[in-house]
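Data block below; observations after.
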Amino acid sequence: MKKESDVRVCKNKKCQKVLPAGYKHRYCEACRNKHAQTAKNVLRGIGAGAATVASVAVVVVTGGKINPKK
């Protein structure tokens, strides 16, 4: 018989799913996937911002002399 304190639950306060015995993570699989997707989206946003800044920097440094339409 398991005690109430022996039951492990997901550490996400909104989730609180009961984790199976021997489960090695603190969060359930669904919460772990949400965290991973959020991290991917943040990195994509940072990459897009960095690309924009780099392209503007190239235009400023070259003085607009690069014309791709030629």
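The values are calculated or read from the model by the stated rules, or taken from the named source; none is laboratory data. Owing to the predicted nature of the structure, the values given are computational and were not obtained by experimental measurement. Ideal geometry is used to build each Cβ from the backbone, glycine not excepted, and the neighbour counts take in all protein chains shown. Please note that ligands, DNA and RNA were not included when accessible areas were found on the heavy atoms of the full protein model with its side chains. Shrake-Rupley method; radii C 1.70, N 1.55, O 1.52, S 1.80 Å.
Summary of computed values
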{"quantity": "Residue within segment 12-22 that is among the polar types (S, T, N, Q), in contact with a strand residue (DSSP E or B) (Cβ under 9 Å, 6 or more places away or on another chain), without any contact (Cβ under 8 Å) to a residue 24 or more places away in the chain and open to solvent by 80 Å² or more (accessible area, probe 1.4 Å) present", "calculated": "yes"}
{"quantity": "Members of segment 23-70 found to be part of a loop (DSSP other than H, G, I, E, B), modelled with pLDDT of 90 or more and surrounded by fewer than 11 Cβ atoms within 10 Å (Cβ to Cβ), listed by number", "calculated": "K24"}
